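Novice: Right, I'll just put the structure down here and ask away after.
Read-outs: derived from the displayed coordinates by stated rules, not from any lab. Small disclaimer: the values here were computed from a predicted structure and weren't measured. Neighbour counts are summed over all protein chains in view; Cβ atoms, including those assigned to glycine, are modelled from backbone coordinates with ideal geometry.
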Amino acid sequence: MLISRRGLLKLTLGMGVAGFSSAAYGFAIEPGLLLHVQRYRIRPTRWPRGMPLRIVVVADPHLGEPYMPLDRYAGIVDTATALAPDLIVMLGDYPPGHRFVTRPVATEDFARVSRGLRARHGVYSILGNHDWWADEQAQLRQRGPVDIQRALERNGIQVLSNDAVRIAGDGAPFWLLGLGDQLAFLRPRGGATGIDDLTGTLARVYDDAPAILLAHEPDIFPKVPQRVALTLCGHTHGGQVRLFGYSPIVPSRYGNRYAYGHVAEGGRHLVVSGGLGCSNLPVRFGVPPEITVVDLA
């Protein structure tokens, strides 16, 4: 079929408008204005029947204007608390993850607003790679604690790093494990080394109560034993651009295998939150910022 010059001009113009609209949506609307509540209902083999638990996940906010100002984060805190959680977990990466920040959010302000999170069994946090990378002194010392950990703990939020806490639960106890970050220290010639100690973290569990593992990066999941009922991760942001269930770029050695959502492998369960903010570039398309809700039953 032949297309006239006028038809070709209209087609080119239409494609240009569509491209501009898509770019505007991906750079402005989805990352800066939308908020989705993503829900999963999971029945792990290792989780006792008759012991429901609602976990609300707040991951990767990457605070900083214009995309994640403090007042927007405060609204997210209110929404998370309104979801009637039994447990709230924060999965790290609180500072900005890109250079397109017009105004930073002070660490102490972020921690103060986070104090508004409320859940029956408490609020717990782990740290992500950007929490470590943003603290120059911790990078020089090659050890923590980092500034964000101190600020959260001053505001009553316990930060777990290769540690475990036993929670009474409703009728039966369970363990919450927090893994140290797998990319904590930047190498001078590129790459990063971690402080994660999965074996040591699991060794802190001294009875048969079920366990939930928090790990910022999902790449640890192949090493997680069936002893752990559920692993919760962030870091990937679902690839930030996701079309038809596929993310072209995923910060994981496993690519799309652990990019986003609920993954079940060999009787083990993983949920990767799409998170709230942006890293590298302030763009999200097809994976809007989310609060993740996991109902264990």
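Novice: For residue 213, what residues show an amide H to amide H distance below 5 Å, using hydrogens built from the backbone and excluding near sequence neighbours?
Specialist: Those qualifying (amide H under 5 Å, at least 5 residues apart or on another chain) are 177, 230, 231, 232.
Novice: Turning to a different aspect of this structure: Need the full-extension length gain, residue 203 to residue 244, defined as separation in residues times 0.36 nm minus the C-alpha distance. One decimal, nm.
Specialist: 10.7 nm
Novice: Hey, in the GNM for the chain with a 10 angstrom Cα cutoff, which one of 37, 228, 123 fluctuates hardest?
Specialist: 37
Novice: Still on this model: Evaluate the Debye formula for the chain with equal point scatterers sitting on the alpha carbons, no solvent, and hand back log10 of I(q)/I(0) at q = 0.07 Å⁻¹, in q order, two decimals.
Specialist: So the normalised log intensities are -0.27.
Novice: Let's test the formula: R0 of 30 Å, r as the Cβ-Cβ distance of residue 137 and residue 102. What FRET efficiency results, to the nearest 0.05? Intermediate values should be presented prior to the final figure.
Specialist: Numbers: r = 26 Å, r/R0 = 0.85.
It comes to 0.70.
Novice: Here's something else I'd like to know. May I ask you to evaluate 6.51 cos²θ - 1.76 cosθ + 1.60, the Karplus curve with θ = phi - 60°, for each residue of segment 155-162 and list the ³J(HN,Hα) values in order in whole Hz, giving x for glycine and proline?
Specialist: Ordered by residue, 3J(HN,Hα) equals 9, x, 10, 6, 9, 9, 9, 6 Hz.
Novice: Report the residue, chosen from 281, 152, 214, that carries the largest GNM mean-square fluctuation when the chain is represented by alpha-carbon nodes joined by springs under 10 Å.
Specialist: 281
Novice: Based on the Cβ-Cβ distance of residue 115 and residue 49, what FRET efficiency does E = 1/(1 + (r/R0)^6) give at R0 = 35 Å, to the nearest 0.05?
Specialist: The value I calculate is 0.50.
Novice: Restricting to DSSP H runs of at least four residues, report the calculated mean residue ellipticity at 222 nm for the chain, -39500 (n - 2.57) per run over all residues, nearest 500 deg cm²/dmol.
Specialist: Theoretical 222 nm ellipticity from helices: -6500 deg cm²/dmol.
Novice: A further question follows. Out of residues 5 or more away from residue 169 or on other chains, whose amide H comes under 5 Å of its own, with H placed 1.01 Å from N in the peptide plane?
Specialist: When sequence neighbours closer than 5 places are left aside, the close amide H contacts are 174.
Novice: Any chance you could give the angle, 0 to 90 degrees and rounded to 10, that helix 5-24 forms with the longest Cα principal axis of the chain?
Specialist: Relative to the chain, helix 5-24 is tipped by roughly 20 degrees.
Novice: Among 184, 229, 209, which one shows the biggest mean-square fluctuation in a GNM of the chain, springs joining Cα atoms closer than 10 Å?
Specialist: 209
Novice: Rank the residues 121, 98, 216 as a footprinting-exposure proxy: fewest other Cβ atoms within 10 Å of their Cβ go first.
Specialist: Arranged by neighbour count, lowest to highest, 121, 98, 216 become 98, 121, 216.
Novice: Here's another thing I want to ask about it. Between residue 78 and residue 33, 0.36 nm times their residue separation minus their Cα-Cα distance comes to what?
Specialist: The residue 78-residue 33 span can extend by a further 14.6 nm.
Novice: Just to check I understand the Karplus step: with θ = phi - 60° and J = 6.51 cos²θ - 1.76 cosθ + 1.60, what whole-Hz values come out for segment 84-95, glycine and proline as x?
Specialist: Calculated HN-Hα couplings, in order: 6, x, 7, 8, 10, 10, 10, 9, x, 6, 9, x Hz.
Novice: Would you order 193, 292, 102, 81 from fewest to most other beta-carbon atoms within 10 Å of each residue's own beta-carbon?
Specialist: By the 10 Å Cβ count, ascending: 102, 193, 81, 292.
Novice: Please compute the modelled spin-label separation between residue 262 and residue 186, points set 7 Å along Cα→Cβ, answer in nm with one decimal.
Specialist: Inter-label distance under the simple model: 3.8 nm.
Novice: Fewest to most neighbouring Cβ within 10 Å: what's the order for 132, 175?
Specialist: Details: 132 27, 175 24.
Ascending Cβ contact count within 10 Å gives the list 175, 132.
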